[in-house]
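In what follows, a structure is listed as structure tokens, so that the remarks can point back to it.
Each value in this text was obtained by applying a stated rule to the coordinates, not by laboratory testing. These numbers come from a predicted model, not from an experiment. Reconstructed Cβ throughout: ideal geometry from the backbone, glycine too, with neighbour counts over all protein chains shown.
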Amino acid sequence: MTNNLIIKPAYLIAKDIKDKKNSQGEVYSFFEKRISQHNASLNAFVDLYKNNFDNQSNSNLTGVPIAIKDNICIKGKKITCASKILKYYQAVYDATVIKKLKSSGLSLIGTTNMDEFAFGSSTENSCYGPTKNPWDKTRVVGGSSGGSAAAVSARLVPFALGSDTGGSIRQPASFCGVVGLKPTYGRVSRYGLVAFGSSLDQIGPITTNIKDCAYLLNIISGFDQNDSTSAKVADPDFTKSLGQDVASLRIGLPKEYFDQDLNSEIKETLDQAIIFFKKKNIQFKKISLPHTQYSVPTYYIIASSEASSNLQRFDGIRYGYRAKADDLWQIYQKSRSQGFGDEAKRRVFLGTYSLSSGYYDAYYLKALKVRRLIKNDFDQAFKEVDAILTPTTPTAAFKIGEKIKDPLSMYLSDIYTISSNLAGIPAVSLPCGFTKDNLPLGMQLIAKDYDEATLIKLGDAFQQDTDFHKKIPELKNV
């Protein structure tokens with residue numbers, strides 16, 4: 001029956017469809033109605049597709065609706081990256097991940113809100129307005145994949161795709177109490193993802209549970225000749241990591257992530273998670289990632305530099321919004337000044353400055369060198385441990401408007417997630433507790449290159465005996 005679809009994981013929804021307990025149309029209609037009922041109060045979706053089902057392909061997820069972040073191309077559908085400068089633009093081809101979803105029989109139900117061009121940590125930097133947290137609508141959802149995380153948290157859709165450049169899957173997953181996984185850089189094709197930081201971006205799943213994450217990762221992973229950064233590596237069946245024994249695995253606790261300034265509620269929650277894993281006979285070891293303190297400035301120099309380069313193509317000529325002007329120079333100037341939001345302009349200015357003559361060596365080149373040191377720290381750590389456990393975020397979800405005028409404070413929201421992007425390694429955020437105000441908290445697990453299997457193994461062990469991922473926010477249309 002469709003009335004239990006809210007609590008069912010995606011892989012079981014697909015099984016019910018296969019066993020003819022529900023039809024694809026019934027499942028799609030249920031979630032379509034739920035989106036229509038609750039989206040006005042959450043602002044998670046920016047586009048909803050009507051009756052987009054009836055898939056004939058046969059996979060473990062056939063017939064399950066999925067939401068797509070508004071920076072991934074779907075042929076013939078609007079893609080705006082939540083920016084006025086791409087208003088009315090429609091994608092002319094499918095991203096590789098979209099082709100994979102379609103060929104596996106998933107139903108694309110719509111696109112989700114985000115920070116403009118993925119610039120942000122709160123989904124407040126959107127031309128559509130902010131997305132609201134299902135657990136407390138006065139609070140942010142995190143960003144930039146906030147619409148996807150909110151939609152999954154509120155069970156408006158069983159799962160979604162997001163993109164992660166500095167924590168944009170994991171941070172909103174933590175704020176919304178869901179699972180968010182950033183794969184290894186190169187594991188999932190970026191072809192058809194509108195670029196923010198080309199050496200950092202990675203598409204990944206946002207789900208209610210780690211099992212769905214494994215099933216979805218199976219579908220979207222794989223080498224793609226259309227993406228020059230795609231890796232020619234074996235793609236394991238990630239579902240085979242489910243239910244495996246985790247005894248004797250070694251988890252590192254980096255001292256730089258557990259200093260005296262760590263939020264007390266987060267520390268207490270992580271302490272309980274550590275106790276849980278110890279009962280599974282997992283060994284813990286204190287480690288050091290000494291260049292962690294440089295991750296935020298390093299990231300914002302590299303990411304903003306790459307963003308300023310990537311955003312040059314949005315000039316009012318080829319894509320989207322074009323301002324009225326008397327000559328070509330004014331078209332460029334007015335289209336960009338009117339089309340880009342404040343945060344997009346800030347990133348472009350910072351990146352252009354870092355790449356400019358006289359500053360390239362002092363900023364961008366130096367940032368690349370520090371990035372290498374950060375990667376070396378992780379390589380050294382993984383000689384001693386199989387995974388690393390850290391907080392996902394320094395706080396629970398903060399109030400809407402609290403940090404929007406304080407860019408530095410906003411940037412520090414990603415302090416625990418950025419390093420994984422700089423190193424190109426996989427990381428996952430898992431719901432692991434709640435604050436006294438009933439706001440979700442997440443823990444982050446990090447693994448070495450192309451070892452998503454260990455993250456899934458550990459995540460599944462945790463979720464077999466805990467129920468944080470099963471809790472659903474109470475929705476009211478206010």
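For the range 136-143, just list the computed ³J(HN,Hα) in residue order, Karplus coefficients 6.51, -1.76 and 1.60, θ = phi - 60°, integers in Hz, with x standing in for Gly and Pro.
Ordered by residue, 3J(HN,Hα) equals 6, 6, 8, 10, 6, 9, x, x Hz.
Hey, which of these cross-link pairs are over 25 Å Cα-Cα: 18/100; 334/399; 87/232?
Pairs exceeding the cut-off: 334/399; 87/232.
Return one quarter of the surface area of the convex hull spanned by the alpha-carbon atoms of the range 187-307, equal to its mean projected area, in nm².
That works out to 10.1 nm², a quarter of the Cα hull's surface.
Could you sort 114-120, 265-271, 50-56 so that the peptide with the highest average Cβ count within 10 Å comes first and the rest follow in order?
Order by mean packing, descending: 114-120, 265-271, 50-56.
In whole Hz and in residue order, list the ³J(HN,Hα) couplings for the range 363-377 that follow from phi through the Karplus curve 6.51 cos²θ - 1.76 cosθ + 1.60, θ = phi - 60°; x for Gly and Pro.
Going residue by residue, I get 10, 5, 5, 5, 4, 5, 5, 5, 4, 5, 5, 5, 4, 4, 4 Hz, with x marking Gly and Pro.
Quickly estimate the mean residue ellipticity at 222 nm for the chain, helices only: each DSSP H run with n ≥ 4 gives -39500 (n - 2.57), and the total goes over all residues, rounded to 500.
Calculated mean residue ellipticity at 222 nm is -10000 deg cm²/dmol.
Stokes-Einstein diffusion coefficient for the range 1-119 at 4 °C in a medium of 1.567 mPa s, Rh from the Kirkwood formula over Cα pairs: what value in µm²/s?
87
Which label belongs to the value computed from this structure, given these candidates for log10 I(q)/I(0) by the Debye sum over Cα atoms at q = 0.10, 0.11, 0.13, 0.14 Å⁻¹: [x] -0.89, -1.01, -1.26, -1.38; [y] -0.67, -0.83, -1.19, -1.39; [z] -0.80, -0.91, -1.15, -1.28?
Among [x] -0.89, -1.01, -1.26, -1.38; [y] -0.67, -0.83, -1.19, -1.39; [z] -0.80, -0.91, -1.15, -1.28, the one calculated here is [y].
Sequence-distant or interchain residues sharing an amide H contact under 5 Å with residue 47, placed H: which?
Residues meeting the criterion, in which the H sits 1.01 Å from N, are 111.
Dividing the Cα convex hull volume of the range 268-418 by residue count, how many Å³ per residue is that?
Output value, Cα hull per residue: 163 Å³.
Can you list residues from other chains, or at least 5 along the same chain, whose modelled amide H is less than 5 Å from the amide H of residue 433?
HN-HN under 5 Å from residue 433: 441.
Over the alpha-carbon set of the range 319-368, divide Rg by the Kirkwood Rh and report the Rg/Rh ratio to two decimals.
On the way: Rg = 14.3 Å, Rh = 12.5 Å.
In the range 319-368, Rg relative to Rh is 1.14.
Using a Debye calculation, one point per C-alpha and no hydration shell, please list log10 I(q)/I(0) for the range 99-217 at q = 0.12, 0.23 Å⁻¹ in order.
Debye output, listed in q order: -0.37, -1.37.
Mind ordering 367-376, 59-68, 75-84 by average Cβ neighbours within 10 Å, highest first?
Details: 367-376: 16.6, 59-68: 25.6, 75-84: 21.2.
Final packing ranking: 59-68, 75-84, 367-376.
Using the Kirkwood formula on the Cα atoms of the range 152-199, what hydrodynamic radius do you get, in angstrom to one decimal?
11.8
List, in order, the whole-Hz ³J(HN,Hα) value for each residue of the range 250-259 obtained from phi through the Karplus relation with A = 6.51, B = -1.76, C = 1.60 and θ = phi - 60°; use x for Gly and Pro.
Computed from phi, the couplings for the range 250-259 are 10, 10, x, 10, x, 4, 5, 9, 10, 7 Hz.
Evaluate Rg over Rh across the range 371-450, taking Cα atoms for both radii and Kirkwood's formula for Rh.
Numbers: Rg = 14.6 Å, Rh = 14.1 Å.
My calculation of the ratio gives 1.04.
How large is the dipole of the range 260-304 about the Cα centre if only Lys and Arg carry +1 and Asp and Glu carry -1, each at its Cβ, rounded to the nearest 20 debye? Mind dumping the intermediate values first?
Values: 6 positive and 4 negative charges, 76 e Å.
Result for the range 260-304 is approximately 360 debye, rounded to the nearest 20.
When DSSP beta bridges are limited to those with both residues in the chain, what percentage is antiparallel, rounded to the nearest 5?
Of those bridges, close to 65 percent are antiparallel.
Give me, ordered by chain and number, the residues 5 or more places off residue 108 or on other chains with an amide H under 5 Å from its own placed amide H.
66
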